[in-house]
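Worksheet for the structure shown next.
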Amino acid sequence: MNTPVSGTPRLLLRLEALAVLLASVTGYSALGESWVLFGVALLLPDVAMVAYAAGPRVGAAVYNAFHSYLAPAMLATCAYFASSAMLWALSLIWVAHIGMDRALGLGLKFSSAFRETHLGTVGRAAPTA
């Protein structure tokens, strides 16, 4: 059985995510890139939800790959070595997306169901008949 985090640790994880969101937005602002780009690209990681069409195991794996800080950290590393402001901007937008999701309680998915995350169950339970 999957056991999400709860209590004070859950609150701390959500507050940390809010701090990451604010820091990434501040960093993005310092770059001076377009806020239209920020708005358009902010929700791009959610395209990974399409992978749920292949089932919950594949969907969770792809969704989690796009909602872990590992991929934007690798992109930021590429941005550093390439001296690319655009790659920096995209990595910060990606980090902002993840921070936003986690601050809202949308965590990494368990393979059992889309609604089950490491931060708890998303949404309300379906009404019983």
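The values are calculated or read from the model by the stated rules, or taken from the named source; none is laboratory data. This is a predicted model, so every value here is computed, not measured. Note that each Cβ is placed from the backbone with ideal geometry, even for glycine, and that neighbours are counted across all protein chains shown. Ligands, DNA and RNA are excluded from the accessible area calculation, which covers all protein heavy atoms including side chains. Shrake-Rupley method; radii C 1.70, N 1.55, O 1.52, S 1.80 Å.
Measure nothing but the geometry: give the 0 to 90° angle between the long axis through the Cα atoms of 56-66 and the longest principal axis through the Cα atoms of the chain, rounded to 10°.
20
Would you mind estimating how fast the range 59-112 diffuses translationally, via Stokes-Einstein at 25 °C and 0.890 mPa s with the Kirkwood radius over Cα pairs, in µm²/s?
After rounding, the answer is 210 µm²/s.
Round to the nearest 10 and report in Å² the accessible area of Met100, as given by a 1.4 Å probe over the protein chains' heavy atoms.
50
Given the Cα-Cα distance of Arg57 and Ser6 and 0.36 nm per residue of separation, how much length would full extension add, in nm?
Working: separation 51, 0.36 × 51 = 18.36 nm, distance 2.35 nm.
Taking Arg57 through Ser6 to full extension adds about 16.0 nm, to one decimal.
Whole-Hz Karplus ³J(HN,Hα) for the range 34-47, in order, using 6.51 cos²θ - 1.76 cosθ + 1.60 and θ = phi - 60°, x for Gly and Pro?
Along the range 34-47, the couplings run 5, 6, 5, 4, 4, x, 5, 7, 4, 9, 4, x, 6, 4 Hz.
State to the nearest 20 debye the size of the charge dipole of the chain about its Cα centre, where the only charges are +1 on K and R beta carbons and -1 on D and E beta carbons.
Details: 7 positive and 5 negative charges, 75 e Å.
So the magnitude is around 360 debye.
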